[in-house]
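Asks: Below are the structure tokens for one structure; questions will follow.
The values are calculated or read from the model by the stated rules, or taken from the named source; none is laboratory data. Just so it is clear, the model here is predicted, and its values are computed rather than measured. Glycine also receives a Cβ, built like all others from the backbone with ideal geometry; neighbour counts cover every protein chain displayed. The protein model used for the area step is the full one, side chains on, heavy atoms only, and it has no ligands, DNA or RNA in it. Shrake-Rupley method; radii C 1.70, N 1.55, O 1.52, S 1.80 Å.
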Amino acid sequence: MTHGGTNSVLEAIAHARPMVVMPLCCDHIDHSVRVVAKGAGVAVDMQSLEPKDLAEAIEKVINNRRYISLFPFIESVVRI
């Protein structure tokens, strides 16, 4: 789980960890859009977030192998 800052997103990619992004402001929103578009995780809206929504987002990235399977490609594009 991350707020979507540059360092947090790059660290998650470097360690092949799918993300649940909860953007707070600024570039976080753009990063969350990119994370979702590239298949590296899901985003949740902090303004309308309910506990069950957060639980579902976490379960989605943990249980869906699709997220992990995309990381070799993502890592090859984003060289850290």
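Asks: Which whole-Hz ³J(HN,Hα) couplings does the range 51-64 yield from phi under the Karplus relation 6.51 cos²θ - 1.76 cosθ + 1.60, θ = phi - 60°, glycine and proline marked x?
Replies: Along the range 51-64, the couplings run x, 5, 5, 5, 4, 5, 5, 5, 4, 4, 6, 6, 8, 9 Hz.
Asks: Taking the solvent-accessible surface of protein heavy atoms with a 1.4 Å probe, what is the per residue accessible area of the chain in Å²?
Replies: So the chain comes to 65 Å² accessible per residue, rounded to a whole number.
Asks: Here's something else I'd like to know. Who wins for biggest fluctuation among LYS38, LYS52, LYS60 in a Gaussian network model of the chain, springs between alpha carbons below 10 Å?
Replies: Fluctuation is largest for LYS52.
Asks: Normalising by the residue count of the chain, find the relative contact order in percent from Cα pairs under 8 Å and 6+ residues apart.
Replies: Taking the mean separation of contacting Cα pairs over the length of the chain, I get 31 percent.
Asks: Next question, about the same structure. Order the following by accessible area, largest value first: SER32, SER8. Probe radius 1.4 Å; ligands, DNA and RNA are ignored.
Replies: Greatest to least solvent exposure: SER8, SER32.
Asks: State whether the chain is rounded, prolate or oblate according to the following rule on the C-alpha gyration tensor (a ≥ b ≥ c being the square roots of its eigenvalues): a/c under 1.5 gives rounded; otherwise a/b larger than b/c gives prolate, and the remaining case gives oblate.
Replies: Oblate, because a/c is 1.5 or more while a/b does not exceed b/c.
Asks: Expressed as a whole percentage, what fraction of the accessible surface of the chain belongs to carbon and sulfur atoms when a 1.4 Å probe is rolled over the protein heavy atoms?
Replies: Solvent-exposed carbon and sulfur of the chain make up 57 percent of the total.
Asks: Run the dipole for the chain about the Cα centre, Lys and Arg Cβ at +1, Asp and Glu Cβ at -1, nothing else charged, and hand back the magnitude in debye, nearest 20.
Replies: So the dipole magnitude of the chain works out to roughly 360 debye.
Asks: Next question, about the same structure. Select from ALA40, THR6, PRO72 the residue farthest towards the positive end of the dipole of the chain; place +1 on Cβ of Lys and Arg, -1 on Cβ of Asp and Glu, and compute about the Cα centre.
Replies: PRO72
Asks: Hey, what angle do you get for helix 27-37 against the long axis of the chain, alpha-carbon based, 0 to 90 degrees rounded to 10?
Replies: It works out to around 70 degrees.
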